[in-house]
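Working notes, beginning with the structure itself.
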Amino acid sequence: MRRLSGFGGYPRVDCHVWPLTESLHDLREVFHDAPLTPRGLGRSYGDAALPAIGGLVLETTACDAWLDFDETRGIVRAQAGISLRAMLPRLVAAGWFFPVTPGTQDVTLGGALAANVHGKNHHRSGAISGFVERLTVLTERGEQECGPATQSELFRATLGGFGATGLIREATLRLRPIETAWIDVRSLRGTNLEEVLKLLDTASDDEEYSIAWIDTSAPRRQLGRGWALLGRHVRADELSPRLQPSRLRLPRRRAWRVPQWLPGGGLNRATAWAFNAWQYHGPRRQRTLTPLTDWFYPLDGVVDWNRLYGTQGFVQYHCVLPHERDAVRGIGRLLEALAHAGASSFVAGLKSMSRDEVLLPFAQPGYTFGVDLSRRLPGLTELLPTMDRIVLEHGGRVALSKDARLAPDVFRQMYPEFSHWRSVVRHWCPASRFRSRLAERLQW
Ligand SMILES: Cc1cc2nc3c(=O)[nH]c(=O)nc-3n(C[C@H](O)[C@H](O)[C@H](O)COP(=O)(O)OP(=O)(O)OC[C@H]3O[C@@H](n4cnc5c(N)ncnc54)[C@H](O)[C@@H]3O)c2cc1C
């Protein structure tokens, strides 16, 4: 028995955990017929990696072997429990990088695929699903190989399927080449939402990555002000002679650790206001040569920073709004709702998105907006449904990898592809053995 939660610390459940070893090739090896929930490093924020009631968690992190790495073609095959952190030094040293990466290295390959993660390059490259060549999935019907052209419905239902089709055991991923472990970052300040979004669009052809930090403590007339950050991989010939010998080495990074969930919580409106004012007004170089890990994984600099929110935890509200339904106005309305509720946050960001090519897609051409909110915020229970309504009115959807509270009817309105995806899931798992708390809550 263990007490588990997602990264947001809510909900918390006491449950049975089975640390998987390589031997699980057949579900008949799981002796009773409890619902099963695969779990990687538990970095989904809500209940995606928590078990359904009476269920068993299959913890994958011990199944973390490299199986093959073709350094010439940039193709890697590994067991799903391996973490991006464990893979990174070897990939980078060989001149390769993940084609798409989330904002932390502390996720497993299987967790990243089950959530079909997106990165700062979604508008150019799409989600990680576009770079997967092959999966081995343990379904209720047994172990199955699938890929874009083999059992493609299972493949496209598993990527972004949050473990509902079964346990991803192995995956083969196509990498992207890099010449150095450095990123050239441009930082541009915008005094309101429209300006920040325009700055995101000024990215040049080789500035593949972009993201905006939004100041949620801004005064009303400057709602949506923040910084647009644009990044590109640095070429070998651009590095100084001093950095040349270590051009593909990741720098050592000192990380702080928050030892426990702070009982009262260290983050409140006043600290958010001070932090945001410093972020927005503080000195920032317009152009910097940044180590790759600092650019992609800034939050990994403070280990377990989520504990700063205190024992009640926090929720991340993360949504996408499509251009065709006035995404800019929609984000403006979300910011107004946050300001009206007196909510300000340390982590609020915007990204430009294209379409996800899986059966249960999150992204659409438009913008994502994500904001962390303490569960101690007065009025949170009214604020979140208000935000859902705005998202629905603008044809958007909430990200399931961050969600802990969406209602099933709202989910169905946001995800009209659900019934087709579920029919594929049912084909491979007719008894719904693979069921998480998220699946139970959303009535999959
Ligand atoms: C600081 C931070 C930044 C983040 N940034 C981003 C971002 O930029 N973009 C983004 O898309 N996401 C982002 N995320 C979310 C994160 O990438 C996903 O939640 C990812 O799924 C976490 O991987 P995990 O190994 O921790 O999976 P878990 O949280 O353990 O599991 C996530 C889901 O995957 C399923 N699963 C896990 N392993 C398997 C398997 N082997 N087979 C089948 N199903 C499996 C689980 O059942 C669950 O439904 C971020 C999270 C954090 C904490």
Revision key, fill the gap. With all protein chains present, the chain has a carbon and sulfur share of its accessible area (1.4 Å probe) in percent of 51
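Sort largest first and round to whole Å: the equivalent ellipsoid semi-axes of the range 326-443, each the square root of five times a Cα gyration tensor eigenvalue.
Details: eigenvalues 153, 61, 28 Å².
Working through the eigenvalues yields semi-axes of 28, 17, 12 Å.
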Point to revise | Sequence-separation-based contact order of the chain, relative, with Cα cut under 8 Å and 6+ spacing, percent | key: 19
Revision key, fill the gap. Honestly the range 66-178 on the Cα gyration tensor test (a ≥ b ≥ c root eigenvalues; a/c under 1.5 rounded, otherwise a/b vs b/c for prolate or oblate) is just prolate
Point to revise | Rough spin-label spacing in nm, given labels placed 7 Å along Cα→Cβ, for Thr311 and His16 | key: 2.9
Point to revise | GNM flexibility winner over the chain from Ile82, Ile168, Ile390 (Cα, springs under 10 Å) | key: Ile390
Exercise for review: Return an integer: the convex hull volume of the alpha-carbon atoms of the range 1-154, in Å³ per residue.
Suggested key: 128
Exercise for review: Please find, in a Gaussian network model of the chain (springs between Cα atoms separated by less than 10 Å), the residue of Arg221, Arg329, Arg90 whose mean-square fluctuation is greatest.
Suggested key: Arg221
**Study point:** Selected from Ser129, Thr72, Ala274, residue furthest toward positive end of dipole (the chain; charges at beta carbon)
**Key:** Ala274
Review point. Mean residue ellipticity at 222 nm from the helices of the chain, using -39,500 (n - 2.57) per DSSP H segment of n ≥ 4 over the full residue count, to the nearest 500 deg cm²/dmol?
Key: -6500 deg cm²/dmol
Practice item. Please identify, among Arg253, Arg39, Arg134, the residue showing maximal mean-square fluctuation in a Gaussian network model of the chain using a 10 angstrom Cα cutoff. Key: Arg253
Point to revise | Test item: Cα-centred dipole of the range 66-178, Lys/Arg +1 and Asp/Glu -1 on Cβ, debye | key: 380
Check your understanding: Per residue, how much accessible area does the range 66-178 have with a 1.4 Å probe, in Å²?
Key -> 32
Check your understanding: For the chain, with only Lys/Arg (+1) and Asp/Glu (-1) charged at the beta-carbon, what is the dipole magnitude about the Cα centre, in debye rounded to 20?
Key -> 1200
Point to revise | Volume of the Cα convex hull of the range 176-325, divided per residue and given in Å³ | key: 160
Practice item. In whole Å, largest first, what are the principal axis extents of the Cα atoms in the chain? Key: 59, 56, 44
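The values are calculated or read from the model by the stated rules, or taken from the named source; none is laboratory data. Since this is a predicted model, take the numbers as computed values, not measurements. A quick note on method: Cβ atoms are made from the backbone with ideal geometry, for glycine too, and the neighbour counts reach across all protein chains shown. With ligands, DNA and RNA removed, areas are computed over all heavy atoms of the protein, side chains included. Shrake-Rupley method; radii C 1.70, N 1.55, O 1.52, S 1.80 Å.
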